[in-house]
Amino acid sequence: AETIPVLEKLLKEGPASSQTLVNVIYDILLLKNGEIQKAQERIARNADSYVSLISENPQVTWDTWKYVNQIIQADPMSQSENNIAARFKKLAEAWKRGSMRYLTRFSEARYSQGLNQMSRVQQIYQELGSPLESDWSVIGPFGYEDNSGFQHAYPPENKIEMTSSYTSRGKEIRWQSGNDGQFDGYLDFRQLFKRNYWSVGYALVYIKSPDERIVKLRLGSDEGCKLWLNNTQIWQHFLKETARIDRDLVTVLLHPGFNKLLIKVTNTDGDWGFHLRVTDENGAGFPDITFHSYEDVENTLALQEK
């Protein structure tokens, strides 16, 4: 609320080149401050410039799109065919920008979640080849003397023990659900773990394939990342960069049945999390590949043993 008067002054006196970005920030702060009607009136009035601002950015990253999501959710024209999400989608198709198209579809899923249309959410995630946030199990934040823990092997890298707890920086941590509250295609470690500076987190999910199949793992993490498939490390990328959907591509072979995927993501500060999609070579999800939590797999295997 204290920032709003400063932005109002910038809107009146600031350079024209920065007006659209200031407008976006101003509207988001109005939403956070509970001034919904005022924000919606402004969003309706400025929708064209907002769509242009984001669409013209060749690489839309999570630190931008998380705010776009809030604008889309508050769009007073959301029920019309020309809503903001639809405009993004049309431009993405016309310009053949897959990343923006996928992000817009995840925004549709988040909007459907708000309407309690969970079957629609599941359909979108299946088509995009992404596990639901609730399919993931996560643990963190591990710390390593206020330095990157990228090369340090924490317990989940050696053995998954879902009932175990660990102490990190004087606090107990244990495995928990990865549901961060938003079905938007981004697993938000910052939201789940609260502490985010000089930290390491892990996420676990199972990919079920009906047969032996080559697939593409499409990943975008903030920041450094390592992957293990069926207990074998298959990939790593050490970087300090915000998450960008489908930034990294890893080709893997899935076995028939459940395949265990473990992801490690490190962070220094700011946003912390990742996007993950499992697709064919063209970027589409498989209709017969499904994602499962640790509990799902344990229950399935227990029933099979009876």
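The values are calculated or read from the model by the stated rules, or taken from the named source; none is laboratory data. Computed from a prediction, not measured in an experiment: that's the story for all the values here. Here Cβ is always computed from backbone atoms with ideal geometry, including for glycine, and neighbour counts include all displayed protein chains. Calculation scope for accessible area: heavy atoms of the full protein, side chains included, ligands and nucleic acids excluded. Shrake-Rupley method; radii C 1.70, N 1.55, O 1.52, S 1.80 Å.
Summary of computed values
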item: In Hz, Karplus ³J(HN,Hα) per residue of segment 162-179 (6.51, -1.76, 1.60; θ = phi - 60°; x = Gly, Pro); result: 5, 8, 7, 10, 9, 10, 9, 6, x, 10, 7, 10, 8, 5, 8, 5, x, 5
item: Segment 29-92 versus segment 113-168: alpha-carbon centroid distance in Å; result: 28
item: Contact order normalised by residue count of the chain, Cα under 8 Å, 6+ apart, percent; result: 18
item: Dipole magnitude (debye, nearest 20) for segment 51-159, charges at Cβ of Lys, Arg, Asp, Glu; result: 460
item: Selected from SER293, SER99, SER168 as most flexible by GNM, with the chain as the system and alpha-carbon contacts under 10 Å; result: SER168
item: 13 Å beta-carbon shell around TRP228, net charge (K/R +1, D/E -1); result: +3
item: Amide H partners (placed H, <5 Å) of ASP246, local residues excluded; result: LEU219, GLY220
item: Local electrostatic count at GLU35 - Lys and Arg +1, Asp and Glu -1, tallied over other residues with Cβ under 11 Å; result: +1
item: Lys, Arg +1 and Asp, Glu -1 on Cβ, resulting dipole of segment 131-234 about Cα centre, debye, nearest 20; result: 100
item: Within the accessible area of segment 44-195 (1.4 Å probe), percent carbon and sulfur; result: 45
item: Whole-number accessible area per residue in Å² for the chain, which is evaluated in the context of all protein chains at 1.4 Å; result: 48
item: Mean separation of Cα contacts under 8 Å, 6 or more apart, over the residue count of segment 67-162: relative contact order %; result: 14
item: Check: the chain dipole with +1 on Lys, Arg Cβ and -1 on Asp, Glu Cβ, in debye; result: 260
item: Proximal lysine pairs, segment 150-306, alpha carbons under 20 Å, eight or more residues apart or interchain; result: 16
item: The chain: most fluctuating residue of THR163, THR266, THR104 per GNM, C-alpha cutoff 10 Å; result: THR163
